[in-house]
1. Taking the conditions exactly as written (within 16 Å of the chain's Cα centre (by Cα) and closer than 21 Å to ARG293 by Cα), does THR394 satisfy them or not?
2. Just to verify a result, which residue in the stretch 12-60, among those that are under 30 Å from the mean Cα position of the chain (by Cα) and among the polar types (S, T, N, Q), is nearest to ILE74 (Cα to Cα)?
3. Considering only the stretch 407-420, state which residues are more than 9 Å from the ligand (Cβ to nearest atom) and open to solvent by 10 Å² or more (accessible area, probe 1.4 Å).
4. Within the stretch 381-391, track down each residue that is in contact with a helix residue (DSSP H, G or I) (Cβ under 9 Å, 6 or more places away or on another chain) and more than 12 Å from the ligand (Cβ to nearest atom).
5. Just give me the residues in the stretch 289-347 being of a type in the set (S, T, N, Q), under 23 Å from the mean Cα position of the chain (by Cα) and either open to solvent by 40 Å² or more (accessible area, probe 1.4 Å) or more than 16 Å from the ligand (Cβ to nearest atom) (or both), in sequence order.
6. Hand me the list of helices (runs of 4 or more DSSP H) wholly inside the stretch 348-456 holding 2 or more residues that are without any contact (Cβ under 8 Å) to a residue 40 or more places away in the chain and within 24 Å of GLU174 (Cβ to Cβ).
7. Restricting to the stretch 426-442, and then to whatever is closer than 18 Å to ALA259 by Cβ and within 10 Å of the ligand (Cβ to nearest atom), can you tell me which residue is farthest from the chain's Cα centre (by Cα)?
8. Of the residues GLY83, GLY136, only one is among the small types (Gly, Ala, Ser) and open to solvent by 50 Å² or more (accessible area, probe 1.4 Å); which?
Amino acid sequence: MKNSANFLKTLVDIECVKFGDFTLKSGRQSPIYIDLRNIVSHPAVLTDLSYLFKDKISNSIQRICGVPYAALPIATVVSIQTGLPMIIKRKEVKKYGTKKIVEGEYNVGDKVLLIEDVITSGESLIETIKELESEGLLIEQIIVVLDREQGGVKRLIDKGYQVESLFSISSLVEVLFKERKIDNVIYTNVLHFIQQNSIIDSPLIKPKKYLQKTHSNKTAQRLLEIAHNKKSNLIASVDLITTKDIIELLNKIGNDICAVKLHIDIIIDFTPSFIEELLTVANRYDFLIIEDRKFADIGNTQLLQLSKGMYAISSWADMVTIHLIAGESALKAIQDWDSEKKPALIPVIEMSSTGALTDHDYIEKCKKIMYNYNNVIGAVCQTAELNEGFLKFTPGVNLASKNDDKGQNYNSPEYAIEQLYSDFLIIGRGIYSANDPKNEIGKYLFAVREFNFFGS
Ligand code: 6AU
């Protein structure tokens, strides 16, 4: 049996996966094209695929069914490989004879493994599921060869089905890149494409607007309240390097933001008196303070970084950003920390930069651990979907630019709200580099208020 990396490399050789410039059905340009139908002409590849399925199939399965037509040959080889009997769901009902929709032998209540080649929105799987269920069959498990990461898997999981995929596009290109089958340019182009398009066609239900969101954490509640009162979900990322410039800017735009985000360690003339000034303006204009420190260490070090040193961050920051690379123990250490003042945590689970390593698996792992902690109020991310109540903070928002020359990628405020369902937009250079930041932030406010986020 070949391993998964060899299998994926073969998919490129037999042109089931192609890289280039393709126009999709939707009219969008894509750097990757996937069509697994060609696999039928390569019996050895089909056999390899059946091995990959074998380990994943749950013991309770009684029947195997492929979504017509592309998954039929796959279901067939899996059936032969496992000895589990197959049934076929017809695409069209026969107009004569038995008029059956499902061919083969089965009993009401049989537990079925449903197989699909590629999942996008999950629409064709849902069609097939409906018909099998109307025959009294139980969809016990769904296994997909390739997840296009456009919301289909999540949609089915939300409906209560057990779904897994052998590969995602991200894992596919990651392997191909590691195996030197594709170069860095193709790799980053595809990752960027997924990041930018992953939910465009997704028929997911929009999460509740944040006005209706509730979170038991007091800082989250306060942030929502300020955003509501000011009719602004804008967070200014004030990445300026002198205290004078920072305070001057905040005096101009303080009324228009619900929070400021700082990188305290880039300030060249920092003294503790700056914190007093900062807290005074924050109080004057009523906004919260996020220190974008992106902690990423073991628990003990993080507690020292949070509370000690010349910045003594925990004494003034309402919220801090944190990477979850060290795992759950780092969150637990902060939760268990016996301190009067503990900033709320915003994990960075998906980054806006080209080639970011925060792939689907990483995001899912982060989500799994962060939901257990009440001091985690949401996450910094782009396309990732968060559980109800968790706040989505999205950087990489700019009205005038699409990217910078250092890997940053931008979306418009409209895109961030309408397509990414962001609750809070983090804007840096779009505001502070403008000739007239007060006038510029007005444009962002106008854009977000168009969505009637804030009620009348
Ligand atoms: O609008 P910009 O590009 O001038 O600034 C964006 C700000 C910067 C980044 O450090 C930060 O947002 N950021 C983050 C955060 C907030 O964690 C994550 C990310 O993926 N991308 C990003 O730009 O201060």
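The values are calculated or read from the model by the stated rules, or taken from the named source; none is laboratory data. If you're wondering where the values come from, they're calculated on a predicted model, not measured in any experiment. Note that we place each Cβ from the backbone using ideal geometry, even for glycine, and neighbour counts take in every protein chain shown. Accessible surface is based on the protein model in full, side chains and every heavy atom, while ligands, DNA and RNA are left aside. Shrake-Rupley method; radii C 1.70, N 1.55, O 1.52, S 1.80 Å.
1. On the way: within 16 Å of the chain's Cα centre (by Cα): yes; closer than 21 Å to ARG293 by Cα: yes.
Considered against the rule, which asks whether it is within 16 Å of the chain's Cα centre (by Cα) and closer than 21 Å to ARG293 by Cα, THR394 comes out as yes.
2. Taking the candidates together, the pick is SER50.
3. Once the filter is applied, which keeps residues that are more than 9 Å from the ligand (Cβ to nearest atom) and open to solvent by 10 Å² or more (accessible area, probe 1.4 Å), the stretch 407-420 yields GLY407, ASN411, SER412, GLU414, TYR415, GLU418, GLN419.
4. GLU385, LEU386, ASN387, GLY389, PHE390, LEU391
5. SER329
6. Because the criterion is at least 2 residues that are without any contact (Cβ under 8 Å) to a residue 40 or more places away in the chain and within 24 Å of GLU174 (Cβ to Cβ), the helices (runs of 4 or more DSSP H) in the stretch 348-456 that meet it are 360-370.
7. Filtering the stretch 426-442 for residues that are closer than 18 Å to ALA259 by Cβ and within 10 Å of the ligand (Cβ to nearest atom), the one farthest from the chain's Cα centre (by Cα) comes out as TYR432.
8. When all the criteria are applied, what remains is GLY83.
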